[in-house]
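Contents: one structure, followed by commentary.
The values are calculated or read from the model by the stated rules, or taken from the named source; none is laboratory data. These figures come from a predicted structure and were not determined experimentally. Cβ sites come from the backbone with ideal geometry, for glycine too, and all protein chains shown count toward neighbours. Surface accessibility is based on the protein's heavy atoms, side chains included, excluding ligands, DNA and RNA. Shrake-Rupley method; radii C 1.70, N 1.55, O 1.52, S 1.80 Å.
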Amino acid sequence: MSERISVIVPVYNAEAYLAEALDSVLAQTLRADEVIVVNDGSTDGSVAIAERYGATLVSQPNSGVSDARNFAISHATGDYLALLDADDIWPETKLADQVDALREHPEAGYALGYQRYLFEGDQRANWFVRTYVENSEPGYSPSVWMLRRSTWDQVGIFEPGRRLGEDIDWLARANDLGVTFHMVPKVLLVRRIHENNLTGLPETRRAWLSVLRASAARKRAMGRG
């Protein structure tokens, strides 16, 4: 029996991008078994867009992306969990390539892939400081993740209440547990860059530092530091 795929899309006031994101989900050569959009307290037209696409819609008061993804995943039935932020886009073979990779690499707890950038507007966002962006590069943002459900259960949920750095925290916890991943050598994400990306906030960089410190403390506690 083939494994089920659940796609998880957290949304907060993303009506400008959500339709394009969902179009890329529906265009996959390997179709997802369910697409769960979690409305994180949006006040724009995001809900109407999700309903128009026939996605499974769950809603919560605005609590941030960690709680939104956790809430959606608690409703998911898939053996594989694929995360997609509402402003990003998947190439059409993303799901198929990662399912193949996880079948070929049973030791890997999750699969990643390469990403390229799509710049919003006439100028790059001020926070984006990379010089060489013409080529793709390995991606680690949640939109390129595909997790085995068993890996999610092993590592645990995103830290409740954490609005920034939740992805780095999850990856660090996975690494501390010895979970490995497979990097698919192919572009599996078009990451949209704009002024409102959370990655561009100074607070995000401080959150990353706190996550790395917490990981170092865990390793010391386990006698690995």
Cβ-based net charge around residue 149, under 13 Å, with every Lys or Arg adding one and every Asp or Glu removing one: -3
Using a 10 Å cut-off on Cβ atoms, rank the peptides 102-114, 6-18, 180-192 from the highest mean neighbour count down. 6-18, 180-192, 102-114
Does region 64-114 come out rounded, prolate or oblate by the C-alpha gyration tensor, with a ≥ b ≥ c the root eigenvalues, rounded set by a/c under 1.5 and, if not, prolate when a/b is larger than b/c and oblate if not? oblate
For region 1-99, which whole-number percentage of the solvent-accessible area (1.4 Å probe, protein heavy atoms only) is attributable to carbon and sulfur atoms? 49 percent
Long-range HN-HN contacts of residue 35 with modeled amide H, under 5 Å: 7, 56
Shape of region 1-131 from its Cα gyration tensor (a ≥ b ≥ c, root eigenvalues): rounded if a/c is under 1.5, otherwise prolate when a/b > b/c, or oblate? oblate
Long-range amide H partners of residue 59 with built H, under 5 Å: 39
Through the Karplus equation 6.51 cos²θ - 1.76 cosθ + 1.60, θ set to phi - 60°, convert the phi angles of region 33-45 into ³J(HN,Hα) values in whole Hz; use x for Gly and Pro. 7, 7, 10, 10, 9, 9, 7, 8, x, 5, 10, 9, x
